[in-house]
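The values are calculated or read from the model by the stated rules, or taken from the named source; none is laboratory data. Just so it is clear, the model here is predicted, and its values are computed rather than measured. Positions of Cβ are backbone-derived with ideal geometry, glycine not excepted, and every protein chain shown enters the neighbour counts. Side chains included, ligands, DNA and RNA excluded: accessible areas come from the protein's heavy atoms. Shrake-Rupley method; radii C 1.70, N 1.55, O 1.52, S 1.80 Å.
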Amino acid sequence: QVQLVESGGGFVQAGGSLRLSCRASGTIFVLAAMGWYRQAPGKQREFVADITSGGTTNYADSVKGRFTISRDNPKNTVFLQMNSLKPEDTAVYYCRSRRGYNDYWGQGTQVTVSS
């Protein structure tokens with residue numbers, strides 16, 4: 001059974017930083033592409049960033065230059081460093097793991113940015 005557990009969300013003022021973590025279990029983490037998505041109230045879930053098993057990263061235009069995704073394979077963990085946070089970054093952030101036809105999501109962690 002694959003489990004993804006996010007942590008690190010919270011409340012921060014605009015311009016501040018947060019670091020999200022997602023620890024995976026029950027999967028061969030090193031072979032999986034990992035990603036972060038977010039869903040704001042009343043909006044659809046949207047892509048934020050992802051990182052392939054080889055370390056290639058991709059970002060949504062709205063977070064480029066502010067967010068950094070990374071992974072620590074020995075610790076089965078993917079991170080999202082979020083700097084220069086804006087009120088529009090407020091959302092529930094979800095971790096995603098994909099490998100072949102296997103596609104898993106975490107339960108989400110709330111990020112709230114005040115103006």
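Positive-end ranking of 31, 102, 4 along the dipole of the chain, with charges on Cβ about the Cα centre, is headed by 31.
Using a probe of 1.4 Å on the protein chains alone, the accessible area found for residue 28 is around 90 Å². Computed about the Cα centre, the dipole magnitude for the chain is approximately 100 debye when only Lys and Arg (+1) and Asp and Glu (-1) carry charge, each at its Cβ.
Given +1 at the Cβ of Lys and Arg, -1 at the Cβ of Asp and Glu and no other charges, the dipole of region 74-115 around its Cα centre is 220 debye to the nearest 20.
The fraction of accessible area contributed by carbon and sulfur in the chain is 47 percent, rounded to a whole number (1.4 Å probe; ligands and nucleic acids excluded). Binning the C-alpha pair distances of region 31-84 at 5 Å intervals from 0 yields a P(r) profile of 4, 19, 29, 22, 16, 7, 2, 0 %, listed from the shortest bin outward.
Determine the per residue accessible area of the chain with all protein chains present and a 1.4 angstrom probe, expressed in square angstrom. Before the final figure, lay out each step's value.
Values: 6130 Å² over 115 residues.
So the chain comes to 53 Å² accessible per residue, rounded to a whole number.
Of the DSSP beta bridges with both residues in the chain, give the percent that are antiparallel, rounding to the nearest 5. Here the share of antiparallel DSSP bridges comes out near 90 percent.
Contact order, relative form, for the chain: 36 percent (alpha carbon pairs under 8 Å, 6 or more residues apart, mean separation divided by residue count). Please name whichever of 91, 41, 76 sits farthest to the positive end of the charge dipole of region 38-115, dipole taken about the Cα centre and charges placed at Cβ: Lys and Arg +1, Asp and Glu -1. Looking along the dipole axis, the top candidate is 76.
Using a probe of 1.4 Å, the accessible surface attributed to residue 86 totals some 80 Å² when neighbouring protein chains are kept in position. In order along region 24-34, the Karplus-derived 3J(HN,Hα) couplings, from 6.51 cos²θ - 1.76 cosθ + 1.60 at θ = phi - 60°, round to 9, 9, x, 9, 7, 4, 4, 8, 8, 7, 10 Hz, and Gly and Pro are given as x.
Between region 1-55 and region 96-111, what is the separation of their alpha carbon centroids in Å? Region 1-55 and region 96-111 have Cα centres separated by 8 Å.
The heavy atoms of residue 61 offer some 130 square angstrom of accessible surface to a 1.4 angstrom probe.
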